[in-house]
Amino acid sequence: METMEKHYTPEQQTYLRERHVEVGEDRIREVETEWHELFAAFRCEMDFGVDPESERMLELARKALSMVAEFTGGNAGFERPLKNMKRETPEVLKSKGFGLYDELGAFYNQAITAARLADGSQ
């Protein structure tokens, strides 16, 4: 909760609590599992030396972007706080089993940037 307070405005925190209720606990658990599977796929592709701008990686990046959009309700104002949280408190991600740090984080970011450029949304 302290991390939320540090990175999100009170209005954003209220919005996220409302999204939590809208989405529901079952879907939140499903998405957590999907994130773990997605990061495992990113890790596997990275370990095999796949180009982060390849079609396969664009597909995975688009999946990640759609999951972020579901989490935020498509509200672009959440992107900066989420990036700040990843950068400033990676231990929170690590403690939850999310692997967006070190070389995997860089690989993920390259694929996300490539997908946004390919889709004209950068």
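The values are calculated or read from the model by the stated rules, or taken from the named source; none is laboratory data. The structure presented is a predicted model; accordingly, all values stated were derived computationally and were not measured. In this analysis, Cβ positions are derived from the backbone assuming ideal geometry, glycine residues included, and neighbour counts consider all displayed protein chains.
Things to note:
- Helices (runs of 4 or more DSSP H) contained in the stretch 1-73 and holding at least 2 residues touching a Gly at 6+ places or on another chain (Cβ under 8 Å): 10-23, 25-47
Condition check ((1) over 16 Å from the mean Cα position of the chain (by Cα); (2) modelled with pLDDT of 90 or more; (3) not aromatic (Phe, Trp, Tyr)) across all residues:
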{"position": "5", "(1), (2), (3)": "yes, no, yes"}
{"position": "12", "(1), (2), (3)": "yes, no, yes"}
{"position": "18", "(1), (2), (3)": "yes, yes, yes"}
{"position": "42", "(1), (2), (3)": "no, yes, no"}
{"position": "61", "(1), (2), (3)": "no, yes, yes"}
{"position": "78", "(1), (2), (3)": "no, no, no"}
{"position": "93", "(1), (2), (3)": "no, no, yes"}
{"position": "105", "(1), (2), (3)": "no, no, yes"}
{"position": "110", "(1), (2), (3)": "no, yes, yes"}
